[in-house]
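Notes for the one structure printed next.
Derivation of every value follows stated rules applied to the coordinates shown; laboratory data play no part. All values derive from a computational prediction rather than experimental measurement. Please note: Cβ atoms are built from the backbone with ideal geometry, for glycine as well, and neighbour counts cover all protein chains shown.
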Amino acid sequence: MAAERIDGKAFAEKLRARVGEAAARFEQAAGRKAGLAVVLVGEDPASDVYVRAKGKATHAAGMNGFEHRLPADVSQDELLALVDRLNADGAVDGILVQLPLPGHLDDQAVIAAIDPDKDVDGFHVTNAGRLAVGQGGFVPCTPLGCMMLLTDRLGDLSGLEAVVIGRSNIVGKPMAQLLLDANATVTIAHSRTKDLAGVVRRADIVVAAVGRAEMVKADWLKPGATVIDVGINRLPPAEGEAKGRLVGDVDYGPASGVASAITPVPGGVGPMTIAVLLRNTLVAAHRNAGLAPPEGL
Ligand code: GUN
């Protein structure tokens with residue numbers, strides 16, 4: 001039987017609608033809109049697409065979006081000065097500096113300059129630390145979105161075997177922390193893992209976040225596994241195609257014959273990231289305004 005397709009797009013739309021309702025209540029209670037500042041350095045086309053999408057979604061949810069575009073040759077000091085101004089700006093609840101930054105800029109130093117209570121990306125070491133010790137804080141949007149899809153489908157994850165493939169600070173590591181907090185038994189696999197197929201075959205839950213097209217094969221999966229595919233990879237164009245197809249890190253067609261549920265690419269994890277960013281921004285707004293966090297988000 002073919003696996004259930006986990007519809008991240010539909011889930012994200014519902015989450016965005018709930019955020020929109022809560023944002024309207026926030027505006028009533030606080031006398032201002034929640035605000036998200038997005039900083040884009042340079043003109044990377046993919047980043048430009050993401051930043052536009054984030055701005056549009058922010059306005060659609062009834063929040064203020066402040067877009068700051070800086071030239072590719074901006075100095076580290078100028079960028080840090082902008083971050084300082086945003087930290088001090090009472091209309092700004094969340095700050096997102098779009099990554100990757102041009103090579104002459106230090107990503108880590110820029111992230112470290114963001115007020116952790118405005119770090120809606122959850123990239124600041126303070127938020128990574130809060131997640132590691134279970135003290136709340138902001139959780140990176142993509143893994144939090146994956147977790148929402150998993151708990152929606154599976155409910156209680158206690159005792160389940162979870163394998164996260166990939167150990168990035170943005171997805172793999174926080175994903176493992178979230179699964180551990182939910183009482184799963186967690187393995188982080190990566191490019192040096194021996195017998196990756198054998199490790200993945202133990203998993204009730206597989207989260208693939210490696211950025212390699214269709215790497216995870218159907219015969220690596222335990223029958224009935226739930227598969228979350230974080231990868232977005234563009235294949236080389238086939239004959240007659242202008243652009244290659246977008247595929248995930250999982251070989252979707254064959255894998256959906258073995259898994260019980262699987263996220264498609266596109267339309268799975270991708271749409272969740274922006275929805276969770278809006279959710280994190282609204283949570284930040286409540287904290288910054290001294291209000292109780294919104295419920296049901
Ligand atoms: N670049 C690609 N995804 C992201 C993201 O979620 N946050 C930031 N800041 N940059 C990104």
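Between Ala2 and Ala88, the modelled label-to-label distance comes to 5.8 nm, taking each label 7 Å out from Cα in the direction of the beta carbon. Its residue count N fixes a reference of 2.2 N^0.38 Å for the stretch 59-188, and the Cα radius of gyration divided by that reference is 1.20. Sorting Thr142, Thr185 from the fewest to the most surrounding beta carbons within 10 angstrom yields Thr185, Thr142. A Cβ-based charge dipole, computed about the Cα centre of the stretch 49-167 with Lys and Arg at +1 and Asp and Glu at -1, lands at about 400 debye.
Within the shell defined by Cβ-Cβ distances under 10 Å, the residues around Glu67 carry a net charge of +3, with Lys and Arg each +1 and Asp and Glu each -1. Comparing Leu278, Gln98, Ala203 along the charge dipole axis of the chain, the residue lying farthest to the positive side is Ala203, per the Cβ-charge model. Across the options Pro71, Val269, Val171, the greatest Cα extent toward the positive end of the charge dipole of the chain (unit charges at beta carbon of Lys, Arg, Asp, Glu) belongs to Val269. For the chain, what proportion of DSSP beta bridges, expressed in % and rounded to the nearest 5, is antiparallel? Just about 5 percent of them are antiparallel.
Could you list Asp73, Asp115 so that the one with the fewest beta carbons within 10 Å of its beta carbon is first and the one with the most is last? Don't jump to the answer; show the numbers that get you there.
Numbers: Asp73 11, Asp115 18.
Listing Asp73, Asp115 from fewest to most nearby Cβ atoms yields Asp73, Asp115.
Using a 7 Å offset from the Cα along the Cα-to-Cβ direction at both Glu241 and Ala109, what is the distance between the two label points in nm, to one decimal? In this crude label model, Glu241 to Ala109 measures out at 4.1 nm. With the convex hull drawn over the C-alpha atoms of the chain, the volume per residue is 139 Å³.
Which GluC sites (Glu not before Pro) does the stretch 23-129 hold that lie in a coil by DSSP with at most 11 other beta carbons within 10 Å? It would help to have the intermediate numbers written out before the result.
Values: sites: Glu27, Glu43, Glu67, Glu78; in loops: Glu43.
Passing sites in the stretch 23-129 are Glu43.
Summing +1 for each Lys or Arg and -1 for each Asp or Glu, what net charge is found among the other residues whose Cβ lies under 13 Å from the Cβ of Pro237? Here the count lands on +1. So what does the Cα-only Debye profile of the stretch 187-297 read at q = 0.12, 0.13 Å⁻¹, as log10 I(q)/I(0), no solvent term? One equal scatterer on each Cα of the stretch 187-297 leads to -0.55, -0.62. Ranking of Lys118, Lys54, Lys14 by neighbouring Cβ atoms within 10 Å, starting from the fewest: Lys14, Lys54, Lys118. Counting pairs of alpha carbon atoms under 8 Å apart in space and at least six apart in sequence, what relative contact order in percent does the stretch 166-208 give? In percent, rounded to a whole number, it is 35. Working value for the stretch 109-168: equivalent-ellipsoid semi-axes of 25, 12, 11 Å, each the square root of 5 times a Cα gyration tensor eigenvalue, largest first.
Annotation: lysines with alpha-carbon distance below 18 angstrom to Lys217 (same-chain offsets under eight excluded): Lys194. Restricting attention to the stretch 168-271, close to 20% of DSSP beta bridges with both partner residues there are antiparallel.
For the stretch 65-138, the Stokes-Einstein estimate of translational diffusion at 20 °C and a viscosity of 1.002 mPa s comes to 166 µm²/s, using the Kirkwood hydrodynamic radius over alpha-carbon pairs.
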